[in-house]
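What follows is one structure encoded as structure tokens, with my remarks underneath.
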Amino acid sequence: MTKVFTIRYQAYSGGVCVNDRIANITVNAAPLVQFNAMPDTCFLATPFQITQASEIGGVPGTGVFTGPGISPTGIFSPAIAGIGTHTIMYTFTSAVGGCVDTMSNTITVLDTATCSIYFCVAHL
């Protein structure tokens with residue numbers, strides 16, 4: 001996670017003058033995002049939560065989704081996205097330091113099947 005390091009740095013004048021300083025620096029943990037494959041869905045499916053994207057490094061922060069038919073919180077609406085293959089982006093920003101990791105994946109919205117049935121009646 002976040003660590004504080006004490007560093008020492010020196011400045012030389014090129015001659016005999018030397019100046020030492022000691023300071024603390026903070027190194028913030030970088031998030032690590034994974035985005036697993038998403039199954040195909042049907043055009044008329046009800047909106048659903050995308051659960052395949054997450055931060056796996058234990059870094060606190062906030063994830064936001066972007067792309068066609070998806071809300072920032074990850075609710076995917078196939079009818080809004082439309083038929084076809086769409087790229088969904090997941091961006092995670094750490095709470096401390098604002099470090100960012102992103103990953104994308106695709107989801108395919110399939111056309112709803114249609115069927116026409118014809119009856120033929122023979123007259124005898």
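The values are calculated or read from the model by the stated rules, or taken from the named source; none is laboratory data. Keep in mind the model is a prediction, meaning the values are calculated, not measured. Here the Cβ positions follow ideal geometry from the backbone for every residue, glycine too, while neighbour counts run over all protein chains shown.
Observations
- Qualifying residue in the stretch 41-56 (condition: of a type in the set (D, E, K, R), part of a loop (DSSP other than H, G, I, E, B) and on the phi < 0 side of the Ramachandran plot): no
- Matching residues in the stretch 39-58 - criterion: being within 11 Å of the chain's Cα centre (by Cα) and of a type in the set (A, V, I, L, M, F, W, C): Ile50, Ala53
- The stretch 1-60 - residue that is among the aromatic types (Phe, Trp, Tyr) and without any contact (Cβ under 8 Å) to a residue 40 or more places away in the chain and, of those, nearest to Ser71 (Cα to Cα): Phe48
- When residues of the stretch 59-85 are limited to those that are among the small types (Gly, Ala, Ser), farther than 18 Å from Asn36 by Cβ and part of a loop (DSSP other than H, G, I, E, B), the one farthest from the chain's Cα centre (by Cα): Gly82
- Criterion violated by Phe43 - all others in (1) touching an Asp or Glu at 6+ places or on another chain (Cβ under 7 Å); (2) surrounded by 10 or more Cβ atoms within 10 Å (Cβ to Cβ); (3) at pLDDT below 90 satisfied: (3)
- Every residue from the stretch 1-27 that is at pLDDT below 85 and surrounded by 10 or more Cβ atoms within 10 Å (Cβ to Cβ): Met1, Thr2
- Pairs where the first residue, in the stretch 94-114, is within 19 Å of Ile83 (Cα to Cα) and free of Cβ contacts under 8 Å to residues at least 24 places away in the same chain and the second is aliphatic (A, V, I, L, M) and buried (at least 16 other Cβ atoms within 10 Å of the Cβ), C-beta under 9 Å, 6+ apart: none
- Of all the criteria given as (1) within 30 Å of Asp111 (Cα to Cα); (2) among the small types (Gly, Ala, Ser); (3) under 18 Å from the mean Cα position of the chain (by Cα), the one not satisfied by Ala30 is (1).
- In the stretch 33-59, the residues that are of a type outside the set (A, V, I, L, M) and touching a Ser or Thr at 6+ places or on another chain (Cβ under 7 Å): Gln34, Phe35, Asp40, Cys42, Phe43, Pro47
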